[in-house]
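Undergrad: Can you keep this structure in mind? I'll have questions shortly.
The values are calculated or read from the model by the stated rules, or taken from the named source; none is laboratory data. Since we're looking at a predicted model, the values are computed, not measured. Methodologically, a virtual Cβ is constructed for each residue, glycine included, from the backbone with ideal geometry; neighbour enumeration extends over all protein chains shown. Accessible surface is based on the protein model in full, side chains and every heavy atom, while ligands, DNA and RNA are left aside. Shrake-Rupley method; radii C 1.70, N 1.55, O 1.52, S 1.80 Å.
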Amino acid sequence: MTELLDNIRTSLVGLKMPRALEALDHTVQRLEKGEIGALEAIDGLLGEEFTLREGRRIGMALMTARLNPPKTLESFDFTFQPSLDRHRILALAQLDFITRTEVVHFLGPPGTGKSHLATALGVAAVKAGKSVYRSTLAELIEAMSKAEREGRLVDKIRFYARTALLIVDEIGYLPITPGGANLFFQLVNARYEKGAMILTSNRSFAEWADVFGDPVVATALLDRLLHHAVVVQIEGASYRLRAHADLIPEHLRANATITPPPPPKRRGRPPKRKSADQ
Ligand code: ADP
Ligand code: MG
């Protein structure tokens, strides 16, 4: 008996299974008392180790994917955002859009949960073992510009094109640096029909020519990003400001913020259908 236990310990050490090793004595005690059977004992030991490893793997993957702080769909209050179809979001969480290499757009005013939902889907993807990377558009363009200056653009694009899911957050908040639209186009092109994306924006597609400062590139971007797309439009109040709604001037409340003062004259092609839904 002791010899057998020693063997098991040696094996667990050799296999680098610290959690199972830790749980061994207690499991054996329960086994001897007849509280559990042999299969349950094996299941318990392996389960402990597996949980530990999964937790570690997910933690690492969330960091690599830059999904911190992680958000979940469970912590999303759908009652606060009635314009949002809960079932549609839960369907997205099944992650078939990733295998189908689709593009999910979350559109809506600030604070309506676009980044939260994008991150939560990213977290679900990581848990399902998919490779994910999240970045704001500004960060993405800055990193690509830097790579271009250093002659590493091809590698950089390859890096961003590699993940099963790329989340590009905050399209439309910050002005795009010159050449930025072009760099983003190269990335979108590299991923087109090869990998899924989630994009979040406070601006409508009609405004992309202004967002990207170039109607030709904006049209080419939309062409690819709306081809196999799911568009989720959120129309509601800011969750960030929910406690202070009375302090916000009327014209800035709720979805008043999504449409900034009358858009400048639109150039280029008219926008694609708004809901290029699946
Ligand atoms: P957006 O990206 O649309 O500007 P965020 O997703 O960043 O908004 O949301 C702002 C903050 O409010 C985040 O901390 C987010 O977790 C939280 N939040 C937004 N909407 C909800 C909601 N419906 N339920 C719970 N938390 C929410
Ligand atoms: Mg956001």
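Undergrad: Which of the numbered conditions does Glu48 fail, given that it passes all the others? Conditions: (1) over 22 Å from the mean Cα position of the chain (by Cα); (2) under 25 Å from Tyr133 (Cα atoms); (3) surrounded by 13 or more Cβ atoms within 10 Å (Cβ to Cβ).
TA: Failed condition: (2).
Undergrad: OK, next. Pick from Gly179, Gly151: which is of a type in the set (Gly, Ala, Ser), at pLDDT below 95 and open to solvent by less than 80 Å² (accessible area, probe 1.4 Å)?
TA: On inspection, the qualifying residue turns out to be Gly179.
Undergrad: Hey, another quick one. Restricting the search to the range 157-177, which residues are over 23 Å from Ala124 (Cβ atoms) and within 16 Å of ligand 1 (Cβ to nearest atom)?
TA: Hits for the range 157-177 are Gly172, Tyr173, Leu174.
Undergrad: Here's something else I'd like to know. Just checking, how many residues over the range 116-135 are assigned to a helix (DSSP H, G or I), open to solvent by 20 Å² or more (accessible area, probe 1.4 Å) and touching a Phe, Trp or Tyr at 6+ places or on another chain (Cβ under 8 Å)? If you could, list the steps in order and put the result at the bottom.
TA: Looking only at the range 116-135, we keep the residues that are assigned to a helix (DSSP H, G or I), and these are 116-127.
Now drop any that are not open to solvent by 20 Å² or more (accessible area, probe 1.4 Å), which leaves 116, 124, 127.
Imposing the further condition that a residue be touching a Phe, Trp or Tyr at 6+ places or on another chain (Cβ under 8 Å) reduces the set to 116.
Summing the residues that are assigned to a helix (DSSP H, G or I), open to solvent by 20 Å² or more (accessible area, probe 1.4 Å) and touching a Phe, Trp or Tyr at 6+ places or on another chain (Cβ under 8 Å) in the range 116-135 gives 1.
Undergrad: Confirm whether Gly172 is touching a strand residue (DSSP E or B) at 6+ places or on another chain (Cβ under 7 Å), surrounded by fewer than 22 Cβ atoms within 10 Å (Cβ to Cβ) and of a type outside the set (Lys, Arg).
TA: Answer is yes for this residue.
Undergrad: Still on this structure, I have one more. Looking for something assigned by TED's automatic domain parsing to the domain that holds Thr101, within 16 Å of ligand 1 (Cβ to nearest atom) and surrounded by 21 or more Cβ atoms within 10 Å (Cβ to Cβ) - is there at least one such residue anywhere in the range 218-228?
TA: First, the residues of the range 218-228 that are assigned by TED's automatic domain parsing to the domain that holds Thr101: 218-228.
Adding the requirement that they be within 16 Å of ligand 1 (Cβ to nearest atom) leaves none.
There is no residue in the range 218-228 that is assigned by TED's automatic domain parsing to the domain that holds Thr101, within 16 Å of ligand 1 (Cβ to nearest atom) and surrounded by 21 or more Cβ atoms within 10 Å (Cβ to Cβ).
Undergrad: Check off (1) within 20 Å of Ile98 (Cβ to Cβ); (2) assigned to a helix (DSSP H, G or I); (3) open to solvent by less than 10 Å² (accessible area, probe 1.4 Å) for Phe159 and give me the number that stays unchecked.
TA: With respect to (1) within 20 Å of Ile98 (Cβ to Cβ); (2) assigned to a helix (DSSP H, G or I); (3) open to solvent by less than 10 Å² (accessible area, probe 1.4 Å), Phe159 is out only on (3).
Undergrad: OK, next. Restricting the range 136-148 to residues that are open to solvent by less than 10 Å² (accessible area, probe 1.4 Å) and under 24 Å from Gln233 (Cα atoms), which is nearest to ligand 2 (Cβ to nearest atom)?
TA: Only one residue tops the list, namely Leu137.
Undergrad: Which members of the range 90-130 meet the condition of being among the hydrophobic types (A, V, I, L, M, F, W, C) and within 16 Å of ligand 2 (Cβ to nearest atom)?
TA: First pass over the range 90-130, keeping only residues among the hydrophobic types (A, V, I, L, M, F, W, C): 90-93, 95, 97-98, 103-104, 106-107, 117-118, 120-121, 123-126, 128.
Within the range 90-130, Val104, Phe106, Leu107, Leu117, Ala118, Ala120, Leu121, Val123 qualify.
Undergrad: Could you give every pair whose Cβ atoms fall below 8 Å, whose first residue belongs to the range 78-101 and is open to solvent by 30 Å² or more (accessible area, probe 1.4 Å), and whose second residue is within 14 Å of ligand 1 (Cβ to nearest atom) and of a type in the set (S, T, N, Q), counting only separations of at least 6 or pairs across chains?
TA: Once the first residue is open to solvent by 30 Å² or more (accessible area, probe 1.4 Å) and sits in the range 78-101, its partners that are within 14 Å of ligand 1 (Cβ to nearest atom) and of a type in the set (S, T, N, Q) give Ser83/Gln233.
Undergrad: On the given criteria, is Gly179 over 18 Å from Ile98 (Cα atoms), within 16 Å of ligand 2 (Cβ to nearest atom) and of a type in the set (Gly, Ala, Ser)?
TA: No: the conditions fail for Gly179.
Undergrad: A further question follows. Can you list residue pairs whose Cβ atoms sit under 8 Å apart, with the first residue in the range 44-57 being assigned by TED's automatic domain parsing to the domain that holds Ala23 and the second being part of a helix (DSSP H, G or I) and charged (D, E, K, R)? Count only pairs 6 or more apart in sequence or on different chains.
TA: Here the result reads Glu48/Arg19; Glu48/Glu22; Glu49/Arg19; Thr51/Arg19; Leu52/Arg19, each pair linking the range 44-57 to a residue that is part of a helix (DSSP H, G or I) and charged (D, E, K, R).
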